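Student: Once you've had a glance at the structure underneath, I'll fire off some questions.
The values are calculated or read from the model by the stated rules, or taken from the named source; none is laboratory data. Fair warning: this is a prediction, and the values are worked out from it, not measured in the lab. Glycine also receives a Cβ, built like all others from the backbone with ideal geometry; neighbour counts cover every protein chain displayed.
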Amino acid sequence: MRDLPRNAADYARWRVRVLRRAVGAEFADMNRGIATVLRGGVLLSVGVLLAGLAIAAIEGGGFPSRVLEPDQLLGPLARFRPQALLSLGALILVLTPVVRVALSFVGFLKERDGTYVAITAIVLVNLAAAFLIGIL
């Protein structure tokens, strides 16, 4: 009878260690995914911006002085216009943190962490509202 509580306590300690490792691995996976999104967004943005700058320099007509609105990008992008590439690069750079917040929201939903889901949802709604207000 004396071994039962001791074994149960050992089992409980072992179980807590296993759960800590699992939760740590989930956080590490989520953080790795977020880091990849941030790195990828910045690299993609820089690549698009450099392409726009290179085309503008090759054409020799000077650098664009204004930014295109998102709804005006499609036609000029199809023709590789520097103004469109520079505008797209800036847009990608601005949207990268928004995607990061959205991924955090999904991660917290999967973990069923209500507090962080609520906080991240508020941040995401604020970002989306600011973006939509800026477009209108």
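Student: Determine, yes or no, whether Pro5 is at pLDDT 85 or above, surrounded by fewer than 16 Cβ atoms within 10 Å (Cβ to Cβ) and part of a helix (DSSP H, G or I).
Tutor: Answer is no for this residue.
Student: Output the residues belonging to segment 67-101 that are surrounded by fewer than 16 Cβ atoms within 10 Å (Cβ to Cβ) and more than 15 Å from Arg39 (Cα to Cα).
Tutor: Within segment 67-101, Val67, Glu69, Pro70, Asp71, Gln72, Leu74, Gly75, Ala78, Arg79, Phe80 meet the criteria.
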